[in-house]
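**Q** My questions all concern the structure below.
The values are calculated or read from the model by the stated rules, or taken from the named source; none is laboratory data. Just so it is clear, the structure is predicted and the values come from calculations on it, not from any experiment. We work out accessible area using only protein heavy atoms, side chains counted, and drop any ligands, DNA or RNA first. Shrake-Rupley method; radii C 1.70, N 1.55, O 1.52, S 1.80 Å.
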Amino acid sequence: MKALATITPTDALTFDAVAEAASLAESYARNAAEFALIRDVRGAAYSLNCAAKALASAASTAQALRPAQQDGGNR
């Protein structure tokens, strides 16, 4: 098995931030499911909105982990 690459302290913090935002999105999604089961429209809508924002935050933060393009960005 291939050894994991070493990462910088900044990348480690970025991974932590991605994990935290994704975990938050999961919690909101679970709440949305519970609200939907009890037919609470406002609760479900609010929780889904928060889940979407948390997931978007996780995706945006994860972009910082992508390697920089070396070709001037013309790909």
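**Q** Would you mention how many residues in segment 1-47 are open to solvent by less than 100 Å² (accessible area, probe 1.4 Å), modelled with pLDDT of 95 or more and over 14 Å from the mean Cα position of the chain (by Cα)?
**A** So the answer is 10.
**Q** Okay, moving on. Please go through segment 3-54 and give me each residue that is of a type in the set (Gly, Ala, Ser) and farther than 30 Å from Arg66 by Cα, ordered by number.
**A** Hits for segment 3-54 are Ala32, Ala33, Ala36, Gly43, Ala44, Ala45.
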